[in-house]
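**Student:** Sharing a structure below in structure tokens format, with a few things to ask.
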Amino acid sequence: MPCRIAIDGPAGSGKTTIAKLLAKTLGIFYLDTGAMYRIVGLYLEKSDVSNDEEIENKLKELKLSFSDGDFFLNGKKVGDEIRTPDVGIYASKYAKNEIVRRYLTKLQREIAENENIVVEGRDIGTVVLPDAEVKIFLVATQEARAKRRFKELTEKGVKVTYEQVLNEIKLRDKQDSERNVAPLRKAKDAILIDSTKFSIEEVVQKILEVVKEKCKLLWQRE
Ligand SMILES: Nc1ncnc2c1ncn2[C@@H]1O[C@H](COP(=O)(O)OP(=O)(O)OP(=O)(O)O)[C@@H](O)[C@H]1O
Ligand SMILES: Nc1ccn([C@@H]2O[C@H](COP(=O)(O)O)[C@@H](O)[C@H]2O)c(=O)n1
């Protein structure tokens, strides 16, 4: 019986950081579905699509593959070019489109099939893997998330103001939670963790306790 750990939550709540650490600690796979929406969002924005038919045709041409934790777009490894605030906005813009969601959800399920895996995103516990063994809904205040993201971006040398980061987070929160298709919301059986006042290590420990209880086999293997 696989152990699939779904971590959903708003922009900047710490999903990627926590998911990567968790997967490393447990020695299992990790899937960043946000990266998939960022790749597709940037691709469609550059393709200047204007309707569903054009989106459908562009997705048919797209070759998106996943190997050893890296994504490859038409054979080329994807790097930090998808990590800018603008690409986050493109991702959120096209994430409202049913054709895009159907395309990526199918791919995500194929990758996660029968795997011990941590999958992070917005709709993992509600849509992609509704029967996941562990569901976490990771939140933090918008200010805390903006502060963290601003620190991360400035340390990477990205020229951005705190206000720009806060506005991007507010916009994505609004778009992600108010869209008709697969909106960001806590699954009924998900465990809510508010990381505003907790360190990365403390959040990982909290989730490991849940995994220990719900995925006994994986824990024994560890
Ligand atoms: N509990 C925490 N305390 C302090 N900093 C944190 C905490 N969790 C995450 N961070 C930091 O916040 C920043 C954003 O984290 P991360 O990229 O993992 O968020 P995310 O939810 O994946 O964001 P997005 O949805 O936009 O991809 C990173 O620099 C990370 O190191
Ligand atoms: N399962 C998901 C994951 C992401 N999205 C959309 O992509 C945007 C970028 O995601 P990050 O995790 O990299 O911030 C996000 O704001 C969502 O609009 C999604 O819809 N479903």
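No lab work stands behind these numbers, since they all come straight from the coordinates. Here the structure is a predicted model, which is why all the values come from computation and not from measurement. With ideal geometry, Cβ positions are generated from the backbone for all residues, glycine too; neighbour counts draw on all protein chains shown.
**Student:** Under the 0.36 nm per residue contour assumption, what length would be gained going from the current alpha-carbon distance of GLN164 and SER65 to full extension?
**Tutor:** 32.4 nm
**Student:** Are there trypsin sites (Lys or Arg not before Pro) in the range 93-151 that DSSP marks as loop and that have at most 16 other Cβ atoms within 10 Å, and which are they?
**Tutor:** LYS96
**Student:** Within the range 74-93, what residues put their amide N at less than 19 Å from the label point 7 Å along the Cα-to-Cβ vector of GLU155?
**Tutor:** Taking a point 7 Å out along Cα→Cβ of GLU155, the residues of the range 74-93 whose backbone N falls under 19 Å are 80-85.
**Student:** Between LYS147 and VAL210, 0.36 nm times their residue separation minus their Cα-Cα distance comes to what?
**Tutor:** Computed gain between LYS147 and VAL210 is 19.9 nm.
**Student:** Rounded, prolate or oblate for the chain? Axes are the square roots of the Cα gyration tensor eigenvalues, ordered a ≥ b ≥ c, and the cut-off for rounded is a/c under 1.5.
**Tutor:** oblate
**Student:** Among DSSP bridges having both ends in the range 4-217, what percentage is antiparallel? Round to the nearest 5.
**Tutor:** Close to 25 percent.
**Student:** Roughly what would the spin-label model give for LYS188 and LYS24, points 7 Å off Cα along C-beta, in nm?
**Tutor:** A separation of 3.7 nm, rounded to one decimal place.
**Student:** Just want the ordering: TYR37, TYR103, from fewest to most Cβ atoms lying within 10 Å of their own Cβ.
**Tutor:** TYR103, TYR37
**Student:** Separate question: Any idea what the relative contact order of the chain is, in percent, if you count C-alpha pairs under 8 Å spaced at least 6 apart?
**Tutor:** 34 percent
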